[in-house]
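Encoded as structure tokens, the structure appears first; notes follow it.
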Amino acid sequence: MLKFQNKIVIITGSGTGIGKAIAIKFAENGANIVILGRRKEPLEEAAKELEQVISKVKSNSFVKIFPGVDVSDEDGVSKMFEDLKKSHGAVDIVVNNAGVSGPVTCFANAPISEFKSTVGIHLTGTFWTSSQAIKTMKPGSKIVTISTFFTEERPYEQRPYRFRSPYTASQGAKNRLAEAMSWEITDKKII
């Protein structure tokens, strides 16, 4: 049984690492996969692997790639969703996975451009991707946001990363954003 047969799943930052692994799991369960990221070559390699998985499970699903789409670029993200809506209709699941480590230095030495870039990908990218996705989603659709708990100060958990202020700040804000969004879209019945 293919749990996600006929579902369209978008995974940001899916050419390598966690995003690619998530895409493979969805493909193994019959989903149509949309992958995107800044670099074309890793996406093309990931697409080949996904097509092999789809062939193996005989789901007749598709893989669509959007190379050069940086989640911090609102025009690129908006255009991708417009294209998807025209060609495939509703999106069922979005996984906000794109991320960068950002500068590894004392915050006082971190260049503002690297801070903005890190926040742009983690926080602004999650916000805008989710905002655009909602326009194409039906009740029962889902938005999943990948983040880290290392930004939280709780008993028995690791403290925020030292020398990773832009990453830690954007991850903490992303956690709060995901919580706020979950409350605000309950009337749309999107989880």
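The values are calculated or read from the model by the stated rules, or taken from the named source; none is laboratory data. Because the structure is predicted, anything quoted here is derived from the model rather than measured. Here the Cβ positions follow ideal geometry from the backbone for every residue, glycine too, while neighbour counts run over all protein chains shown.
Here are some notes:
- The range 140-152: number of residues that are modelled with pLDDT of 60 or more and either within 13 Å of Ala98 (Cα to Cα) or not hydrophobic (A, V, I, L, M, F, W, C) (or both): 8
- Tally, over the range 1-53, of residues that are hydrophobic (A, V, I, L, M, F, W, C) and touching an Asp or Glu at 6+ places or on another chain (Cβ under 6 Å): 2
- Filter result for the condition that a residue is among the aliphatic types (A, V, I, L, M), farther than 23 Å from Gly76 by Cα and either assigned to a loop (DSSP other than H, G, I, E, B) or touching a Phe, Trp or Tyr at 6+ places or on another chain (Cβ under 9 Å) (or both), over Leu43, Leu2: Leu2
- In the set Thr136, Thr126, Thr168, only one residue is touching a helix residue (DSSP H, G or I) at 6+ places or on another chain (Cβ under 6 Å), in a helix (DSSP H, G or I) and modelled with pLDDT under 95; that residue is Thr168.
- Looking across the range 171-191, just one residue is of a type in the set (Ser, Thr, Tyr) and modelled with pLDDT under 90, and that is Thr186.
- Here is the figure for the range 1-19: residues that are more than 18 Å from the chain's Cα centre (by Cα) and either polar (S, T, N, Q) or within 16 Å of Leu84 (Cβ to Cβ) (or both) total 2.
- Glu82 vs. criteria surrounded by fewer than 17 Cβ atoms within 10 Å (Cβ to Cβ) and closer than 20 Å to Ala21 by Cα: no
- Scan of the range 15-40 for residues that are within 19 Å of Leu123 (Cβ to Cβ) and assigned to a loop (DSSP other than H, G, I, E, B), ordered by number: Arg38
- Restricting the range 94-113 to residues that are modelled with pLDDT of 90 or more and either in a loop (DSSP other than H, G, I, E, B) or over 14 Å from the mean Cα position of the chain (by Cα) (or both), the residue that is surrounded by the most Cβ atoms within 10 Å (Cβ to Cβ): Asn97
- Residue in the range 54-66 that is under 14 Å from the mean Cα position of the chain (by Cα), surrounded by 15 or more Cβ atoms within 10 Å (Cβ to Cβ) and touching a residue at least 40 places away in the same chain (Cβ under 8 Å) present: no
- The condition (being touching a strand residue (DSSP E or B) at 6+ places or on another chain (Cβ under 6 Å), modelled with pLDDT of 95 or more and either in a helix (DSSP H, G or I) or within 27 Å of Ile24 (Cβ to Cβ) (or both)) is satisfied by just one residue among Val77, Val91: Val91.
- Among residues of the range 126-144 that are over 12 Å from Leu177 (Cα atoms), those with a Cβ under 7 angstrom from a residue that is of a type in the set (Val, Ile, Thr) and in a helix (DSSP H, G or I), sequence gap 6+ or separate chain, pair up as Thr129/Val77; Gln132/Val77.
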